[in-house]
Amino acid sequence: MSLCLFCKIANKEIVSRVVYEDDKILAFEDINPQAPFHVVVIPKQHIATLNDVRNESVYSDVFKAIGQITKNANLQERGYRVVANCNGDGGQTVFHLHFHVLGGRAFRWPPG
Ligand code: 5GP
Ligand code: ZN
């Protein structure tokens with residue numbers, strides 16, 4: 001079975017710059033950063049999109065990791081943005097559930 005891109009990153013078949021890892025979650029630097037700090041947080045288990053989440057514990061695992069990542073990066077006081085793109089209109093390009101954590105600059109609202 002061929003694995004998706006982020007499964008390969010989770011398996012370390014594809015190299016990434018890991019900033020956080022535990023038994024369920026991996027976070028790594030985005031290859032095309034949109035801010036001075038831009039990491040992608042994934043569950044190690046393959047889930048294609050937000051629509052495919054069957055066990056909500058994935059959210060607590062992801063956001064627990066995001067809390068640690070933003071603390072380690074000293075972003076908490078200044079602020080940061082968390083983004084999850086879903087399917088076509090959401091702009092999702094990799095179909096393995098992931099959350100972008102962006103920081104180090106001010107972001108506009110609404111996003112484009
Ligand atoms: P999406 O557009 O699906 O929300 O986000 C996918 C993200 O994955 C993009 O920001 C893209 O730059 C990033 N990305 C795609 N391929 C790779 C890769 O091989 N390595 C890393 N580190 N990031 C990737
Ligand atoms: Zn996958």
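Lys pairs in the chain, Cα-Cα under 18 Å, at least 8 apart or on separate chains: how many?
Here the count comes out as 7.
Can you work out D for the chain in µm² s⁻¹ from Stokes-Einstein, where Rh is the Kirkwood radius over C-alpha pairs, the temperature is 4 °C and the viscosity is 1.567 mPa s? All intermediate terms of the calculation are to be shown ahead of the outcome.
Working: Rh = 14.4 Å.
This corresponds to a translational diffusion coefficient of 90 µm²/s.
Out of segment 50-91, which trypsin sites (Lys or Arg not before Pro) are coil in DSSP terms and have no more than 15 other C-beta atoms within 10 Å?
Working: sites: Arg54, Lys64, Lys71, Arg78, Arg81; in loops: Arg54, Arg78.
Of the trypsin sites (Lys or Arg not before Pro), the ones in loops of segment 50-91 whose Cβ has at most 15 other Cβ atoms within 10 Å are Arg54, Arg78.
At what distance in angstrom do the alpha carbon centres of segment 1-65 and segment 74-88 lie from each other?
Spelled out, the Cα-based centre of one part sits 14 Å from the other.
What distance in nm separates the two pseudo spin-label positions at Val15 and Val94, each 7 Å out from Cα along the beta-carbon direction?
1.6 nm
Spelling out what I want: for every residue of segment 81-87, take phi, set θ = phi - 60°, compute 6.51 cos²θ - 1.76 cosθ + 1.60 (Karplus), and round to whole Hz; glycine and proline get x.
10, 10, 10, 10, 8, 10, 6
What ranking of Val40, Val19 comes out by heavy-atom accessible area, probe 1.4 Å, highest first? Write out the running numbers ahead of the final one.
Numbers: Val40 0, Val19 60 Å².
The ordering from most to least exposed comes out as Val19, Val40.
Considering the options Phe6, Ala48, Phe28, tell which one lies farthest towards the positive end of the dipole of segment 5-103, charges being +1 on Lys and Arg and -1 on Asp and Glu at the Cβ, about the Cα centre.
Final value for the positive-end residue is Phe28.
The values are calculated or read from the model by the stated rules, or taken from the named source; none is laboratory data. Since the structure is predicted, the reported quantities are computational estimates derived from the model, not experimental observations. Cβ: placed from backbone, ideal geometry, glycine included. Neighbour counts: every protein chain shown. In case anyone asks, the SASA skips ligands and DNA or RNA and just uses the protein heavy atoms, side chains included. Shrake-Rupley method; radii C 1.70, N 1.55, O 1.52, S 1.80 Å.
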